[in-house]
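The values are calculated or read from the model by the stated rules, or taken from the named source; none is laboratory data. This is a predicted model, so every value here is computed, not measured. Cβ: placed from backbone, ideal geometry, glycine included. Neighbour counts: every protein chain shown. Areas reflect the complete protein model, heavy atoms only, side chains present, ligands, DNA and RNA absent. Shrake-Rupley method; radii C 1.70, N 1.55, O 1.52, S 1.80 Å.
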Amino acid sequence: MKKTVTYFIMIVSLIFLVYFSINIGNYHIPPSKILSIIFSSVTKTPFDSNISEYEKIIVLNLRMPRIIMVLLVGAGLAVCGAASQGIFRNPLVSPFILGVSSGASLGAALAIVFLSKLPHSIDICAGIGGAIAVTAAFLTARKPDGSIPRLSLVLAGTIISSLFSSLTGIVKYIADSETQLPAITFWMMGSFGSVSWETLDIITWIIPINIILMIIFAWQLNVLSLGDKEATLLGMNIKRWKIIYIYFIVSTIGICVARTGTIGWVGLVIPHIGRAIVGPNHRSLLPMVALIGAAFMLISDNIARGLTTGEIPVGIITALIGTPFFIYYLRKKEASVWN
């Protein structure tokens, strides 16, 4: 009953936060007009004559798709973070541990420098780069007998991340300092500034489906988090379920990074907040971190686009909020719950 009330409060709070976010922007639109625009758009009824075309464009074509993207990315990063920490049994693991973010960053940098005239080049190259990085991490960690130890995979991901980050540095070095280098730098900081309905095409079904499947199979994640020996004694096919969950994580993170750049700390910090609220059971933890992650990302984006007349990359805001929290977490030594 207590968890149900907590979920209800989170959902209602997120709805109010979404409405509040629609009202944030350099161009002020009265709340009554915003409600009227949304109502007319949903019900397919004629718009009020007092509402200008410009106001409709701002609400429906600029703010709404951005908010949807923010919610999806925040929920996806948070759930992937909780799943990663469960699989690797380490509360300090983030969903970027397998090198997907560094690989996607290299792909995006190459696209900006060499393929900028091709449509969707950044999305495609970022996705390919992330897939290559993860594949390289698996091949590096794989033993001759075909097994992939958890610690070896984490270390391999760290090595591959370092390698791809170095390659990205080389691409930045040869990039044009007037146009290409600023574009690479801004993309790597993470931003929702270029979001439109067109950029929501594939992300609107990949992320929700992956989140739902991870929640459905959460009991397998509970068993995996017990350790390989315990999971084997319970009859679980460890290798298969690890591959399944890693696929969910990599595909979700890959599409998030491809569309919005690298946004850190969400997948590292939010799972700890979720565990403090509902406990370590992933069947209740994953839905909670999805709600908290969406809210956290929405708050961060509101700060990013409302703090100044310009727009601050949202990755900077998440780092500024996440770093103090994690310092507090380390000082309190909450990681002992995993011992």
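Working only within region 191-209, note down all residues that are in a loop (DSSP other than H, G, I, E, B) and buried (at least 19 other Cβ atoms within 10 Å of the Cβ). Even if it seems obvious, please write down each step before you answer.
Step one: of region 191-209, the residues in a loop (DSSP other than H, G, I, E, B) are 191-197, 201-202.
191, 192, 195, listed by residue number.
In region 140-163, what residues are over 20 Å from residue 319 (Cβ atoms), in a helix (DSSP H, G or I) and either among the hydrophobic types (A, V, I, L, M, F, W, C) or in contact (Cβ under 8 Å) with a residue 40 or more places away in the chain (or both)?
141, 150, 151, 153, 154, 155, 156, 157, 159, 160, 163
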One residue is enough: does region 261-277 have a residue meeting the conditions of a type in the set (Phe, Trp, Tyr) and assigned to a loop (DSSP other than H, G, I, E, B)? yes
Tell me which residues, restricted to region 219-240, are surrounded by 16 or more Cβ atoms within 10 Å (Cβ to Cβ) and either free of Cβ contacts under 8 Å to residues at least 60 places away in the same chain or over 15 Å from residue 88 (Cα atoms) (or both). 220, 223, 231, 236, 238
Can you name the residue in region 1-45 that is touching a helix residue (DSSP H, G or I) at 6+ places or on another chain (Cβ under 7 Å) and not in a helix (DSSP H, G or I) and, of all such residues, is farthest from residue 196 (Cα to Cα)? 29
So, residue 78, is that one closer than 28 Å to residue 271 by Cβ, among the aliphatic types (A, V, I, L, M) and within 14 Å of the chain's Cα centre (by Cα) or not? yes
Cβ pairs under 6 Å, 6+ apart, first in region 308-321 and open to solvent by 40 Å² or more (accessible area, probe 1.4 Å), second not aliphatic (A, V, I, L, M): 311/193; 311/305
Hey, residue 114 hits all of (1) at pLDDT 85 or above; (2) crowded, with 17+ Cβ neighbours inside 10 Å but one; which does it fall short on? (2)
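Quick check on region 36-54: of everything there that is open to solvent by 100 Å² or more (accessible area, probe 1.4 Å) and of a type in the set (A, V, I, L, M, F, W, C), which residue is modelled with the highest pLDDT? Explain how you work it out, then say what you get.
Narrowing region 36-54 to residues open to solvent by 100 Å² or more (accessible area, probe 1.4 Å): 39, 42, 44, 46, 49-50, 53-54.
Within this subset, residues satisfying the condition of being of a type in the set (A, V, I, L, M, F, W, C) are 39, 42.
On the way: 39: 86, 42: 83.
Step by step, filter region 36-54, then rank; the result is 39.
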Checked region 250-285 for anything within 24 Å of residue 131 (Cβ to Cβ) and open to solvent by less than 10 Å² (accessible area, probe 1.4 Å); matches are 252, 253, 256, 257, 258, 260, 261, 263, 266, 267
Checking the structure you have, find out if any residue of region 83-104 is within 30 Å of residue 283 (Cα to Cα), free of Cβ contacts under 8 Å to residues at least 40 places away in the same chain and surrounded by 23 or more Cβ atoms within 10 Å (Cβ to Cβ). no
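Could you check, for region 123-134, whether at least one of its residues is assigned to a loop (DSSP other than H, G, I, E, B) and either of a type in the set (S, T, N, Q) or touching a residue at least 40 places away in the same chain (Cβ under 8 Å) (or both)?
Narrowing region 123-134 to residues assigned to a loop (DSSP other than H, G, I, E, B): none.
The answer is no; no qualifying residue exists.
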